[in-house]
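Colleague: Could you have a look at this structure, given as structure tokens, before my questions?
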Amino acid sequence: MRLRRCLIVPAVAAVLAFPAAHAADITQTRDGVTLTYQDPSGSTNAEVRDRIIATFFSAYPRERADFHPAAPSSVHIVMDPSYDGVAYVGEKEKAATITINPRWLEKHPNDTDLVTHEAMHIVQGYPGYASEQAPSWLVEGIADYARDVYGVDNAAGGWALPAQVKAEHKVDTGYRVTGAFLKWSEAEHPGLVEALDGALRKGSYTPALWKQRTGNDLAALWEAYVAQRAGGKQA
Ligand SMILES: [Zn+2]
């Protein structure tokens, strides 16, 4: 579920590669957002497809409204069996695109809220990734924080933020571990995640922002989180 900014196989080439099964694209517009769903190889059944589309429309317009109303109003979802990861976001033919490995969904048909995570990456639209101004642990932590907040049915997918802090968990573990920390931090300091997201988008994020917003530097805030979880107070 990593964010990539590379161009891969253009959609038109994918269609040519699977001429026998080129199901028509599905285009729907809701809440000011247009989604084009493409499954050129006919990989995914209608039931999963409909849940993917419904999950997108449940999550993305709200994520966009809450964090970045200027985020793209047109999004593509492409089912691509040649991709061997889970899902990623990138631009294809100038359209913000979520590419999904249909074989993952075949094995995990209830993990449709992976779309909620990926859609948040489109909302993020940060100018970098895995850089000082946009550390990957924080970018992925925010995406999983959003999956928790905006997800349709994370429980069905067996997905949850961890309720306990394990010894191997660090603030920069990323994904769910950082997402759970962000959820706790946001409850303690409302507006924190929005401030982090805004600074990341402007390219102005520095670790000093934690201290400015919470009174604690990042390490101290993590320690306070760990201490509260260890005390049995679980959000
Ligand atoms: Zn991600």
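The values are calculated or read from the model by the stated rules, or taken from the named source; none is laboratory data. Values in this document were obtained by computation on a predicted structure and should not be read as measured data. For neighbour counting, all protein chains shown are included, and Cβ atoms are generated from backbone atoms with ideal geometry for every residue, glycine included. Please note that ligands, DNA and RNA were not included when accessible areas were found on the heavy atoms of the full protein model with its side chains. Shrake-Rupley method; radii C 1.70, N 1.55, O 1.52, S 1.80 Å.
Colleague: Given only helices, namely DSSP H runs of n ≥ 4 each adding -39500 (n - 2.57), what is the per-residue ellipticity at 222 nm of the chain, to the nearest 500 deg cm²/dmol? Each step should come with its number before you reach the end.
Modeller: On the way: 9 runs with 106 residues, N = 235.
Result for the chain: -14000 deg cm²/dmol, rounded to the nearest 500.
Colleague: Report the dimensions of segment 45-94 along its three principal axes from the alpha-carbon atoms, largest first, rounded to Å.
Modeller: Taking max minus min along each principal axis of the Cα atoms, segment 45-94 gives 32, 26, 17 Å.
Colleague: Label residue 47 and residue 65 with points 7 Å out from Cα along Cα→Cβ: what is the distance between them in nm?
Modeller: 3.1
Colleague: Let me ask something else. Using only the Cα atoms of segment 155-235, each taken as one equal point scatterer with no solvent, compute I(q) by the Debye sum, divide by I(0), and report log10 of the ratio at q = 0.23 Å⁻¹.
Modeller: -1.18
Colleague: Please get the size of the charge dipole for the chain, origin at its Cα centre, with Cβ charges of +1 on Lys and Arg and -1 on Asp and Glu, quoted in debye to the nearest 20.
Modeller: The calculation lands at about 280 debye.
Colleague: Tell me which of 219, 150, 187 sits at the most positive position along the dipole axis of segment 136-230, charges placed on C-beta atoms (Lys, Arg +1; Asp, Glu -1).
Modeller: It is 219, whose Cα lies furthest towards the positive end.
Colleague: In whole percent, what relative contact order does the chain give with Cα contacts below 8 Å and a gap of six or more residues?
Modeller: 17
Colleague: Another question about this same structure. Treating the beta-carbon of each Lys and Arg as +1 and of each Asp and Glu as -1, no other charges, what is the dipole magnitude of segment 136-230 about its Cα centre, to the nearest 20 debye?
Modeller: I would put it at about 100 debye.
Colleague: May I ask which of 166/211; 94/202; 107/170; 92/202 have a Cα-Cα span longer than 28 Å here? Let's see the in-between values first.
Modeller: Numbers: 166/211 25 Å; 94/202 21 Å; 107/170 30 Å; 92/202 23 Å.
Beyond 28 Å between Cα atoms: 107/170.
Colleague: Please return the longest range in the chain lying between exposed loop sites, taking GluC sites (Glu not before Pro), DSSP loop only, at most 14 other beta-carbon atoms within 10 Å, and leaving the sites out.
Modeller: 1-92
Colleague: Could you check the spin-label model distance between residue 166 and residue 95? Points 7 Å from the Cα along Cα→Cβ, value in nm.
Modeller: The answer from the label model is 3.9 nm.
Colleague: So, one more: How much accessible area per residue does the chain have, in Å², with a 1.4 Å probe?
Modeller: With the other protein chains kept in place, the chain gives 46 Å² per residue.
Colleague: Report the extension gain between residue 212 and residue 34 in nm, rounded to one decimal, defined as 0.36 nm multiplied by the number of residues separating them, less their alpha carbon distance.
Modeller: 60.3 nm
Colleague: Oh, and also: Do any trypsin sites (Lys or Arg not before Pro) in segment 177-235 lie in a loop, going by DSSP, with at most 10 other beta-carbon atoms within 10 Å of their beta carbon, and if so which?
Modeller: Details: sites: 183, 201, 202, 211, 213, 229, 233; in loops: 233.
Answer in residue order: 233.
Colleague: Give or take rounding to whole Å, what are the principal axis extents of the alpha carbon atoms in the chain, in descending order?
Modeller: Between the extreme Cα coordinates on each principal axis of the chain lie 59, 34, 30 Å.
Colleague: Okay, moving on. Give me the percent of Cα-Cα pairs in segment 108-173 that sit more than 15 Å apart, rounded to a whole number. Don't skip to the answer; put the middle values down first.
Modeller: Values: 1209 of 2145 pairs.
Looking at segment 108-173, the distances longer than 15 Å represent 56 percent of pairs.
Colleague: Pop out the carbon and sulfur fraction of the accessible area of the chain as a percent, whole number, probe 1.4 Å.
Modeller: The computed percentage sits at 53.
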